[in-house]
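The next block holds one structure in the form of structure tokens; read it before the comments.
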Amino acid sequence: TTNRDKFRPLYHHTPLYGWMNDANGLVYKDGEYHLYFQYNPYGSVWGNMHWGHSVSRDLVHWEHLPVALARDTMGHIFSGSSVVDLANTAGYGDGTIVSFYTSASDRNGQIECMAYSKDNGRTFTKYEKNPVLTPFDGLKDFRDPKVFWYEPQQKWVMIVSADKEMRFFSSKDLKDWTYMSAFGKGYGMQPSQFECPDMVQLAVDGDGNHKKWALIVNINPGCLFGGSATQYFIGDFDGTNFTCDTKPEVVKWMDWGKDHYATVCFSNTGERVIAVPWMSNWQYANIIPTQQYRSANALPRELTMYSEGKDIYMAVNPVKELEALRKETKEIPAFTVDNGKEFTIETLFDGGDGAFEMNIDLTTNADCSGFKLMNSKGEYIDIYLDMKDGKLVMDRVHSGIVDFGKNAIPHEKEAHDNRVKNSINYVDDFALATWGPLSKDKQHRLQLFVDKCSIEIFLDGGKVAMTNLVFPNEPYNSLSFYSRNGSTKVNACKLYALGL
Ligand code: FRU
């Protein structure tokens with residue numbers, strides 16, 4: 001890698017060159033995970049949208065393949081999904097991969113199109129009678145088709161994000177689509193533009209007799225801390241209507257950071273539900289300090305459901321395949337940090353390149369138990385458990401290069417006010433702290449992944465996931481624990497250098 005590429009992650013998926021946003025058409029077939037993505041091959045900013053393509057057998061090692069769907073005379077190739085047509089409903093042969101995307105242009109607006117691949121997702125033929133679906137009311141924002149098979153009624157369902165709601169359609173042959181219902185107006189965080197839907201069914205607390213649906217709704221704006229974020233609604237689906245368990249104002253976040261967007265899941269993975277986020281935020285995605293390429297995907301995450309009181313939530317955990325990345329191990333014996341004191345590990349890894357995993361188990365008797373991940377330039381990320389406010393906080397104000405976030409884009413007043421209210425240590429769109437809810441329990445577990453320009457935290461078995469970008473001028477390679485108003489016992493601190 002060249003100096004200009006110093007922020008390129010070592011084990012996260014990035015495009016070789018050019019611009020990437022949303023993960024598209026995620027599908028598993030014959031031992032391969034296909035990751036298509038919003039791609040501009042002509043520059044490192046958004047434009048000329050194609051579907052780029054990478055493939056992996058283990059969700060860890062990705063091979064770059066040629067563009068799968070190129071922009072054409074109908075318009076950009078916007079986001080969408082793929083299915084494996086196991087029963088040959090479309091007539092292209094058993095097991096054909098069929099993909100759906102939005103064709104977007106000033107002339108035609110946003111319309112849903114289909115393409116199919118008979119060579120395991122390498123090359124696609126666009127359906128000659130495209131589009132397969134247009135908005136019945138001329139809606140301007142009508143995009144990101146998610147298609148899945150609804151087994152009980154032997155039919156396909158398509159969800160399309162339509163301004164501030166999701167619209168549901170059905171089909172027997174993937175070509176003719178009939179409107180069924182809509183969900184979402186007034187639900188969740190406001191203001192919000194719905195984008196990139198997905199809907200998955202999961203067993204609650206591992207009980208196969210108690211399954212619920214989660215409708216995944218990416219919104220921009222609407223993030224608690226400004227810009228783009230992913231929320232979800234838990235409820236039921238009868239083949240026609242989605243009904244939500246909770247009141248419209250209840251908001252459930254899939255991630256509590258600022259760089260987790262357009263998250264959708266692989267199709268055809270059986271009982272497992274594996275999601276892949278785009279690791280950026282529309283507020284500043286086009287101006288982050290990388291040059292040959294822009295944006296990475298956050299780590300693939302396995303989604304499960306658990307109940308808490310009367311409510312149901314999703315737990316978000318890194319897929320277990322990522323354990324294959326572990327190289328050198330470093331175990332720090334248990335220690336206690338007394339009130340007002342610090343415990344510092346000067347060097348995490350000899351020649352540390354800023355790509356590692358950290359597993360911490362701690363018991364707190366303090367108001368605040370935390371640690372700083374630092375480099376020798378005095379830059380750091382501050383991560384702490386605020387036991388008084390019940391918050392897990394990640395503060396990147398001093399993390400390195402942050403100045404590009406000053407008024408990155410003009411924003412709506414309401415969204416701006418929300419951000420000032422919700423962020424801790426708010427300086428601007430990038431320099432701020434994000435937080436997620438923390439239980440009153442004294443013991444907590446944190447799993448952290450650092451990779452050059454990103455930090456991902458999974459708290460207490462995935463109850464909170466938090467994904468944030470950082471741009472340190474030098475890799476973080478030392479660690480300092482602290483404790484305020486009481487002591488903190490670190491029961492275990494295990495580190496792994498990570499590499500492919
Ligand atoms: C979400 C999104 C989608 C759209 C795509 C365009 O990030 O705005 O709604 O299809 O990006 O690149």
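If the condition is being within 16 Å of the ligand (Cβ to nearest atom) and in a loop (DSSP other than H, G, I, E, B), then segment 135-174 contributes 135, 139, 140, 141, 163, 164.
Each row is one residue, and each column tells you yes or no for (1) surrounded by fewer than 16 Cβ atoms within 10 Å (Cβ to Cβ); (2) on the phi < 0 side of the Ramachandran plot.
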| position | (1), (2) |
| --- | --- |
| 162 | no, yes |
| 179 | yes, yes |
| 186 | yes, no |
| 200 | no, yes |
| 204 | no, yes |
| 218 | no, yes |
| 221 | no, yes |
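Residues checked against (1) at pLDDT 95 or above; (2) buried (at least 19 other Cβ atoms within 10 Å of the Cβ); (3) within 16 Å of the ligand (Cβ to nearest atom):
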{"residue": "106", "(1), (2), (3)": "yes, no, yes"}
{"residue": "110", "(1), (2), (3)": "yes, yes, yes"}
{"residue": "114", "(1), (2), (3)": "yes, yes, yes"}
{"residue": "123", "(1), (2), (3)": "yes, no, no"}
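Residue 192 fails exactly one of the following numbered conditions: (1) within 16 Å of the ligand (Cβ to nearest atom); (2) not in a loop (DSSP other than H, G, I, E, B). What is the number of that condition? Result: residue 192 passes all but (2). Quick one: is residue 229 surrounded by fewer than 23 Cβ atoms within 10 Å (Cβ to Cβ) and either over 21 Å from residue 315 (Cα atoms) or within 16 Å of the ligand (Cβ to nearest atom) (or both)? Criteria not met by residue 229.
For residue 102, are the conditions met, namely being of a type in the set (Val, Ile, Thr), touching a Ser or Thr at 6+ places or on another chain (Cβ under 8 Å), modelled with pLDDT of 95 or more and within 15 Å of the ligand (Cβ to nearest atom)? So residue 102 fits the description; yes.
Whenever a residue of segment 15-26 is farther than 14 Å from residue 262 by Cβ and touching a residue at least 40 places away in the same chain (Cβ under 8 Å), its partners that are away from the ligand (no atom under 12 Å from the Cβ) and outside any strand (DSSP E or B), lying with C-beta atoms within less than 8 angstrom and at least six residues away or across chains, give the pairs 17/41; 17/44; 17/292; 18/41; 18/42; 18/43; 18/44. Among the residues of segment 55-87, write down those that are over 24 Å from residue 147 (Cα atoms) and either surrounded by 17 or more Cβ atoms within 10 Å (Cβ to Cβ) or within 16 Å of the ligand (Cβ to nearest atom) (or both). 60, 62 - these are the residues of segment 55-87 that are over 24 Å from residue 147 (Cα atoms) and either surrounded by 17 or more Cβ atoms within 10 Å (Cβ to Cβ) or within 16 Å of the ligand (Cβ to nearest atom) (or both).
Restricting attention to segment 291-315, which residues are modelled with pLDDT under 95 and either within 15 Å of residue 46 (Cα to Cα) or acidic (Asp, Glu) (or both)? The answer is 291, 292. Yes or no: residue 98 touching a residue at least 40 places away in the same chain (Cβ under 8 Å), assigned to a strand (DSSP E or B) and over 23 Å from the mean Cα position of the chain (by Cα)? The answer is yes for residue 98.
Please tell me if residue 141 is of a type in the set (Asp, Glu), modelled with pLDDT of 95 or more and loosely packed, with under 14 Cβ neighbours inside 10 Å.
When the stated conditions are applied, residue 141 does not pass them.
With respect to the conditions (1) within 28 Å of residue 171 (Cβ to Cβ); (2) among the charged types (D, E, K, R); (3) free of Cβ contacts under 8 Å to residues at least 60 places away in the same chain, residue 245 lacks only one, and its number is (3). The strands (runs of 3 or more DSSP E) falling completely within segment 266-355 that include 2 or more residues that are aliphatic (A, V, I, L, M) and over 13 Å from the mean Cα position of the chain (by Cα) map to 311-318.
The values are calculated or read from the model by the stated rules, or taken from the named source; none is laboratory data. All figures in this text were calculated on a predicted structure; none of them were measured in a lab. Note that we place each Cβ from the backbone using ideal geometry, even for glycine, and neighbour counts take in every protein chain shown.
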